[in-house]
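First up is the structure itself, then whatever we jot down about it.
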Amino acid sequence: MSLIAIRKRSLTVETVFHEGGPPPAVPLKLAAACAVIRNPYAGRYEPDLLPFMAELRSLGTLLAQELVDTLGRDRVEVYSKAAIVGVSGEMEHGAVWHEAGGWAMRAVLGEPKAMVPAAKAVAATGYRLMVPLHHIHASYVRSHYNSMEIGIQDAPRPDEILFALVMGTGGRVHARLGGLSQDKIAVHDGQR
């Protein structure tokens, strides 16, 4: 029997046309793919979460592919992942997404080197979570530090988990604070 029972999914796309200054040549797009599933461990302690983590790779692949289909694989420059666990669960039930969601995005995007940032919380239904974003190839590309809000009004219920993946097509509109720029990525170690 599968450990993954999806109640609902959502796809949110934000398009940023300007930030008060001149419009960029191409608008920035940020997208979040979410899935709300039954928490198979709600209300009880489970010592072995590894089977759940392994099975979640298929959900990660589904969400990552949806984002790539929406944005275009070659246009993705930033990414992140998130989990909101309903109050009958525990933080570790969301932490399983680190490997499953991160692995899926790397596989779909052609193995970018930068770590995948994350946010997670145990929270009540309707909770909104700000998810940090950064460059897929080098974590120190300052122009690409950004965030996107995720959440669904009726989720997660106490016995559910909301898992999300986030991708975007670029850095902040009008980024001008210096630091490593995208065109100066040289080390290819995931940091610089």
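Quick notes
- Annotation: amide H-H contacts under 5 Å for His137 (H modelled 1.01 Å from N, sequence separation of 5 or more, or interchain): Ala114.
- The label point for His98 and the one for Glu55, both projected 7 Å from the Cα toward the Cβ, are 2.2 nm apart.
- Surface share of carbon and sulfur [accessible, 1.4 angstrom probe, percent] for the chain: 54
- As a rough guide to protection, the peptides 11-17, 63-69 ranked by mean Cβ packing within 10 Å, highest first, stand as 63-69, 11-17.
- DSSP-loop trypsin sites (Lys or Arg not before Pro) across the range 40-99, with at most 12 other Cβ within 10 angstrom: Arg44
- Alpha-carbon Rg/Rh ratio, for the range 90-192, with Rh computed the Kirkwood way: 1.02
- Looking at the range 1-145, the accessible area is 47 square angstrom per residue; that uses a 1.4 Å probe and ignores ligands, DNA and RNA.
- When Rg and Dmax are taken over the Cα atoms of the range 1-158, they come to 16.0, 54 Å.
- Distance in nm between pseudo-label sites at Lys8 and Glu111 (7 Å out along the Cβ direction from Cα): 3.9
- Fully extended contour minus Cα-Cα distance, from Ala124 to Gln191, at 0.36 nm per residue: 20.6 nm
The values are calculated or read from the model by the stated rules, or taken from the named source; none is laboratory data. Not measured: the values here are computed from a predicted model. Using ideal geometry, Cβ is built from the backbone for each residue, glycine included, and neighbour counts are taken over all protein chains shown. Areas reflect the complete protein model, heavy atoms only, side chains present, ligands, DNA and RNA absent. Shrake-Rupley method; radii C 1.70, N 1.55, O 1.52, S 1.80 Å.
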